[in-house]
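FYI, it's all coordinate maths here, none of it is from the lab. These figures come from a predicted structure and were not determined experimentally. Glycine gets a Cβ as well: all are built from the backbone with ideal geometry, and neighbour counts include every protein chain shown.
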Amino acid sequence: MSFHQTATFQKSRQLITTLFLAAAFAFSAAPARAQDFVLKFGTPTINDIQHEYMKVFKTELEKATNGKIKVEIYPASQLGAFNRMLEGLRLGTVEGLIAPAEFYAGADSRYQGLAMTGLFNDVNHARRVLDLPEARQTIYAIGEGRGFVTVGLMPYDLQMINTKVPMTTLADFAGKRIRVLASDAEQAEVKALGASTIPMALPETLPALQQGAIDGVTAVIGVFNAFRYYDTAPYLLDTRLWALISVAQISKVWLDKLPPDLQKAVRETGAKIESDLHKWQVARIQSDRENWIKNGGKIAALAPAEQAEAQKRVDASIQPLLVKDAGLKTFYDKIKSLAATVK
């Protein structure tokens with residue numbers, strides 16, 4: 001064999017060896033890549049308990065799965081308006097979503113039951129109720145067949161009304177246009193107080209308030225602080241007539257693609273982080289109240305007789321909804337009966 005032939009043969013062997021090693025590496029790496037999953041987690045709000053829940057969920061789930069699931073968090077409606085995120089959740093293009101329960105009422109009317117009056121005395125009472133296995137099972141069951149799996153429940157706070165001018169009596173509600181969520185329950189409750197209601201997505205709310213398209217907003221102090229509402233509308237009426245309960249959902253389409261061990265990690269992480277996050281939220285509510293006052297905001301409450309009248313009105317307002325929706329009534333009555341067992 002000539003020198004030229006020998007050199008050519010050696011180069012051919014080197015090329016074959018290189019290709020073989022590359023193929024072997026690709027083959028060995030394939031299973032690792034197959035175990036990598038991305039969970040895009042969205043919420044309409046920012047710098048609040050829902051945002052904090054996503055951050056802690058990311059840390060704990062990535063740790064529990066040794067990085068096999070990567071969690072990307074998207075606060076402040078970065079994944080789109082809520083209806084778009086909810087549709088993505090069903091399709092599996094949005095893997096996770098956390099929002100107040102009544103946001104999901106379009107998917108199932110029973111979700112608004114958690115925002116109806118008469119259930120929770122305060123956030124600590126709500127936490128104790130939501131920790132009951134029977135309560136969790138009742139709430140989790142709603143997602144079955146809807147395209148998502150519930151993994152977490154967080155008491156956000158009790159409701160407040162934010163306005164540009166002071167409101168301290170029920171008479172002050174007359175003629176006011178109040179932004180509400182689109183649920184039938186919240187609209188009925190606010191109308192019972194004497195105001196008219198305007199359903200509106202959260203990203204549109206502050207501009208509408210600034211432009212005078214609405215007179216007030218019903219939400220919680222965490223939302224009002226996070227978006228600096230005190231610069232536009234410094235007055236809060238602390239009616240505490242119903243609660244906001246945040247519900248964390250995972251896309252069933254996406255979850256079903258995961259191996260059993262990773263599915264288990266996702267389900268367990270959602271509930272595991274609730275206790276510490278509740279402590280964080282209790283401290284945050286107090287901090288938000290102090291920050292509101294520090295920035296020139298005012299917090300008022302109805303006089304005792306007026307508060308009792310307000311409670312009477314909103315209690316009456318939800319009865320027609322319960323009468324016409326048997327599923328909602330069964331759900332609401334169940335949660336109410338469980339709440340009565342916890343003090």
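Points worth noting:
- Test result for Ala226, surrounded by fewer than 16 Cβ atoms within 10 Å (Cβ to Cβ), of a type in the set (A, V, I, L, M, F, W, C), in contact (Cβ under 8 Å) with a residue 24 or more places away in the chain and out of contact with any helix residue (DSSP H, G or I) (no Cβ under 7 Å at 6 or more places or on another chain): no
- Residue match in segment 145-161 (condition: among the β-branched types (Val, Ile, Thr), part of a loop (DSSP other than H, G, I, E, B) and within 17 Å of the chain's Cα centre (by Cα)): no
- Of all residues in segment 162-180 being assigned to a helix (DSSP H, G or I) and out of contact with any strand residue (DSSP E or B) (no Cβ under 9 Å at 6 or more places or on another chain), the one that is nearest to Leu302 (Cα to Cα): Leu170
- Taking the conditions (1) surrounded by fewer than 13 Cβ atoms within 10 Å (Cβ to Cβ); (2) touching a helix residue (DSSP H, G or I) at 6+ places or on another chain (Cβ under 8 Å) in turn, Arg284 satisfies each one other than (1).
- Residue match in segment 305-313 (condition: surrounded by fewer than 20 Cβ atoms within 10 Å (Cβ to Cβ), free of Cβ contacts under 8 Å to residues at least 24 places away in the same chain and under 24 Å from the mean Cα position of the chain (by Cα)): no
- Inside segment 101-118, residues that are more than 16 Å from Leu130 (Cβ to Cβ), aliphatic (A, V, I, L, M) and part of a helix (DSSP H, G or I) make up a count of 1.
- When segment 264-279 is filtered for residues that are assigned to a helix (DSSP H, G or I) and surrounded by 14 or more Cβ atoms within 10 Å (Cβ to Cβ), the ones remaining, listed by number, are Ala265, Val266, Arg267, Glu268, Thr269, Gly270, Ala271, Lys272, Glu274, Leu277, His278.
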